[in-house]
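First comes the structure, then the notes that go with it.
The values are calculated or read from the model by the stated rules, or taken from the named source; none is laboratory data. These figures come from a predicted structure and were not determined experimentally. Here the Cβ positions follow ideal geometry from the backbone for every residue, glycine too, while neighbour counts run over all protein chains shown. Each accessible area value is taken on the protein alone, full model and side chains, heavy atoms only, with ligands, DNA and RNA left out. Shrake-Rupley method; radii C 1.70, N 1.55, O 1.52, S 1.80 Å.
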Amino acid sequence: MRLLTDIIIAVDGYSSCGKSTLAKNLAHCLQYRHIDTGAMYRAVTYWCLENHFIKNNDIYTDAIVKRLNEIHIEFHFNALSQLNELWLNKKLLTNEIRTPIVSAYASQISQIPEVRQKMVQLQKQMGKNKRIVMDGRDIGTVVFPEAELKIFMTADPNIRAKRRLAELQEKGIDVTFDEVLKNIEERDYLDTHREISPLRKADDALVLDNSNMSKTEQLEWILKQIKKRFPYED
Ligand code: C5P
């Protein structure tokens, strides 16, 4: 499908709702760029761990802020895997940003105002020519409040945990259902209660509860919403 007008699509929502999967599939259909902003906050968290700015449950915020300018994040599309891959300081990051330790700290690292400022600036830059599907927590509210289409995703936490567990196990990451559920609930709490850019539905966002929907059904739903609102060619 080809849209006859260039737009920005913002996909926000709770942890492990399948935002990135839907955003990636949609971007593929529209031949748009997909940016997973959660991966960016995860990459910063990974960098903090590598540099020992997180140690024994302590986060050394001053040191992180001081050295933030050492972080260079880029996305490059890999035609073979059809994925928009994240590179941190010229290093490709894949499964290492999906580990339980990175998940455990990502919401805390993403609360640091300077970290958010840097990521939001980068994200705005990536969307300056539109033709982008960006997923995260604050895309429709802060990064692109002017986005032409905003989706807010939600699903039952138990269903989310079940899906995430299967995904992690497939990647060979060893975790239990209870650990995954606890992490999801903690991240939801931190994301919705933080002072800066808390997760909330933009007033003009469409809600998608995908608790009982397959990936194909979700994609069909969003394509239907797009067709209703924007001129297109099949
Ligand atoms: O989406 P994902 O679960 O990979 O994101 C990891 C963490 O990054 C989230 O728990 C959230 O705290 C943070 N995040 C954010 N703003 C975004 C995207 C993610 O604060 N736009």
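Key figures for this structure:
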{"quantity": "Gain upon complete extension [residue 72, residue 52; 0.36 nm per residue less C-alpha separation]", "calculated": "5.4 nm"}
{"quantity": "Around residue 113: net Lys/Arg minus Asp/Glu count, Cβ-Cβ under 12 Å", "calculated": "+1"}
{"quantity": "Cross-link partners of residue 171 among lysines (Cα-Cα below 18 Å; sequence separation of 8 or more within a chain)", "calculated": "162"}
{"quantity": "Rounded accessible area per residue of the chain, 1.4 Å, Å²", "calculated": "51"}
{"quantity": "Residue-averaged 222 nm ellipticity for the chain, from DSSP H runs of 4+ at -39500 (n - 2.57), nearest 500", "calculated": "-13500 deg cm²/dmol"}
{"quantity": "Beta bridge orientation in the chain: antiparallel %, DSSP, nearest 5", "calculated": "40"}
{"quantity": "The chain - convex hull of alpha carbons, volume per residue in Å³", "calculated": "125"}
{"quantity": "Residues of region 1-19 with amide N under 18 Å of a point placed 7 Å along Cα→Cβ from residue 130", "calculated": "1-11"}
{"quantity": "Distance in nm between pseudo-label sites at residue 117 and residue 189 (7 Å out along the Cβ direction from Cα)", "calculated": "2.9"}
{"quantity": "Residue 60 paired with residue 1, simple spin-label distance in nm, labels 7 Å along Cα-to-beta-carbon", "calculated": "5.0"}
{"quantity": "Whichever aspartates and glutamates have a C-alpha closer than 14 Å to that of residue 90, once near sequence neighbours (fewer than 8 apart) are set aside", "calculated": "70, 74"}
{"quantity": "Hypothetical label at residue 83: residues of region 121-135 whose amide nitrogen lies under 13 Å (7 Å Cα-Cβ projection)", "calculated": "none"}
{"quantity": "Whole-Hz ³J(HN,Hα) from phi, Karplus 6.51 cos²θ - 1.76 cosθ + 1.60, for region 152-157, glycine and proline x", "calculated": "10, 9, 8, 6, 4, x"}
{"quantity": "Simple label model, 7 Å out from Cα along Cβ direction - residue 207 to residue 91, nm", "calculated": "4.2"}
{"quantity": "Sulfur and carbon atoms: percent of accessible area, the chain [1.4 Å]", "calculated": "49"}
{"quantity": "27 Å Cα-Cα reach of residue 228 towards lysines, excluding residues that sit fewer than 8 places from it in its own chain", "calculated": "19, 24, 124, 128, 130, 150, 201, 215"}
